[in-house]
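Here the structure comes first, spelled out in structure tokens, and everything after it is commentary.
The values are calculated or read from the model by the stated rules, or taken from the named source; none is laboratory data. Predicted, not measured: the structure shown is a model, and the values here were computed from it. Here Cβ is always computed from backbone atoms with ideal geometry, including for glycine, and neighbour counts include all displayed protein chains. Please note that ligands, DNA and RNA were not included when accessible areas were found on the heavy atoms of the full protein model with its side chains. Shrake-Rupley method; radii C 1.70, N 1.55, O 1.52, S 1.80 Å.
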Amino acid sequence: MKRFRPLLVPAAAILLAALLNLFFLMNIHVPSGSMEPTIPAGSMLLGNRTAYWFEDPMPGDVVVFRHSAAGGRLLIKRIIAVPGQTFAILEGRVYLDGQLLPEEYVLDFSADEYPETQIPEGCYLVLGDNRPVSMDSRFWEDPFIRREDILARALFIYYPRFYRL
């Protein structure tokens with residue numbers, strides 16, 4: 001047993017890291033610029049898998065999820081509308097429940113139009129911050145993400161430079 005003692009600390013560290021990554025944290029690479037300037041292309045970030053264990057996602061949350069439109073790949077977008085809200089886009093501007101949504105995180109608005117839509121129970125509507133290049137709810141056949149498909153809330157970017165989201 002003494003000859004295995006030097007391996008205990010590295011083995012425990014690996015086990016702890018695996019458990020943290022499996023149940024509590026999510027390590028995410030963001031390959032595209034769909035969330036710029038909030039999240040630059042090529043960034044690495046950590047997500048909190050426990051964020052929605054006891055509370056619901058809120059408008060403005062940046063979330064990691066899976067959607068059939070992406071073939072099962074992980075996506076990261078901002079929640080714009082939650083269950084029960086009405087959502088529309090007129091001349092590239094988002095309206096929630098008939099009110100213009102102030103979006104200081106969007107630098108370049110698109111010229112999109114999207115008909116007024118009520119968000120069903122258990123569903124969310126998401127958009128990328130870089131509207132001209134983001135493939136998001138506006139373009140998917142099923143525009144909603146289900147509550148159970150949300151895997152984590154983005155916490156902070158740790159590469160290329162550290163900052164909290």
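Could you state, as a whole-number percent, how many of the C-alpha pairs of the range 52-165 are farther apart than 21 Å?
I get 34 percent for the Cα pairs in the range 52-165 exceeding 21 Å.
Ordered by residue, what ³J(HN,Hα) values in Hz, to whole numbers, does the range 68-78 give under the Karplus form 6.51 cos²θ - 1.76 cosθ + 1.60, where θ = phi - 60° and Gly and Pro are x?
Rounded to whole hertz, the list is 4, 5, 9, x, x, 5, 6, 10, 9, 8, 9.
Have a look at the range 49-114 and give its Rg and Dmax from the Cα atoms, expressed in angstrom.
Rg then Dmax for the range 49-114, in Å: 13.6, 37.
Hey, what's the per residue convex hull volume over the C-alpha atoms of the range 1-109, in cubic angstrom?
Per-residue hull volume (Cα only) is 156 Å³.
Evaluate E = 1/(1 + (r/R0)^6) for S32 and K2, where r is the Cβ-Cβ distance and R0 equals 45 Å; express this FRET efficiency to the nearest 0.05.
It comes out at approximately 0.30.
If one takes the longest principal axis of the Cα atoms in the chain, at what angle in degrees, from 0 to 90 and to the nearest 10, does the Cα axis of helix 5-19 lie?
10 degrees
Net charge around N48, counting only other residues with Cβ within less than 12 Å of its Cβ (Lys, Arg = +1; Asp, Glu = -1)?
+1
Working out 0.36 nm times the residue gap between D112 and R147, then minus their Cα-Cα distance, what length gain in nm do you get to one decimal?
10.0 nm
Need one word for the range 35-79: rounded, prolate or oblate. Basis is the Cα gyration tensor (sqrt eigenvalues a ≥ b ≥ c); a/c below 1.5 gives rounded, then a/b vs b/c decides.
oblate
Counting only protein heavy atoms, what percent of the accessible surface of the chain is carbon or sulfur at a 1.4 Å probe?
60 percent
Rounded to the nearest 0.05, what FRET efficiency is calculated for M58 and Q99 with R0 set to 25 Å and r the Cβ-Cβ distance?
So the FRET efficiency works out to roughly 0.90.
Which of rounded, prolate, oblate describes the range 106-165, given a ≥ b ≥ c as roots of the alpha-carbon gyration tensor eigenvalues and a/c under 1.5 marking rounded, otherwise prolate only if a/b is larger than b/c?
oblate
Keeping all protein chains in place and using 1.4 angstrom, which order do W140, W53 fall into by accessible surface area, from largest down?
The residues order as W53, W140, largest area first.
Roughly how many Å² is the accessible area per residue of the range 1-132, as a whole number, for a 1.4 Å probe?
57 Å²
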